[in-house]
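Would you mind keeping the following structure in view while I ask a few things?
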């Protein structure tokens, strides 16, 4: 049996699977049939809609809404008050629950405070979405994205440092010393 912590003011609906060492804080609601991995931290006033999947070590800051259709892989960071959408053309008087689009947030990606991720746009591995950005298209692995609408302005290491590529299109992370290669507008880790 999994051992996790849920604050007494948190609500966890039936059918959820929650991994060991996960913490769910004040006034959060985990709706039916969610899967939350090991070692996650769900901040205050978070809503996780039915059937959402969060991998291991996902950090969800305060006031985040994660709607049905969202899948976050391991080590994802969701900043304070960021939000996902799940329908492209919502109307109060039109039921579009059967039209939810999937949004995949890949391993190690970080999404800044107050950012909005429009549904159906995958976020690449170790991508870095700046605070307040509005993402309206797919985000490549390691991309640094900012603005409204969001635009790519550079590349980030898996440790969260901006990469400066040399004449051989190689860069080194100043913290980890991991090496990266830029080819055909794609970044890969080489060492």
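Quick note: the coordinates plus some simple rules give every number you see, no bench work behind them. For clarity, every value in this text was computed on a predicted model and none was experimentally measured. Please note: Cβ atoms are built from the backbone with ideal geometry, for glycine as well, and neighbour counts cover all protein chains shown.
Build a GNM of the chain with springs between Cα atoms under 10 Å: which of 45, 98, 56 gets the top mean-square fluctuation?
Of 45, 98, 56, the Gaussian network model singles out 98 as fluctuating most.
Still on this structure, I have one more. Is the shape of segment 126-191 rounded, prolate or oblate, going by the alpha carbon gyration tensor and its root eigenvalues a ≥ b ≥ c, with a/c under 1.5 for rounded and a/b larger than b/c for prolate?
Here segment 126-191 falls in the prolate category.
Here is a follow-up. For the chain, modelled as a Gaussian network with Cα springs under 10 Å, which listed residue fluctuates most, 99, 44, 61?
Maximum fluctuation in the GNM of the chain, among the listed residues, is at 99.
Based only on other Cβ atoms within 10 Å, what is the fewest-to-most ordering of 84, 77?
The order, fewest Cβ neighbours first, is 77, 84.
Assign one of three labels to segment 14-161, namely rounded, prolate or oblate, based on the Cα gyration tensor with a ≥ b ≥ c the square roots of its eigenvalues; rounded applies when a/c is under 1.5, prolate when it is not and a/b is larger than b/c, and oblate otherwise.
The shape class here is oblate.
Note down the relative contact order for segment 19-134 as a percent, whole number, built from C-alpha pairs under 8 angstrom at least six residues apart.
It rounds to 18 percent for segment 19-134.
Something else: Among 168, 186, which comes first, then next, by fewest other beta-carbon atoms within 10 Å?
With the sparsest Cβ surroundings first, the list reads 168, 186.
Connecting C-alpha atoms closer than 10 Å in a GNM of the chain, tell me which of 131, 164, 113 has the biggest fluctuation.
Highest fluctuation of the listed residues: 164.
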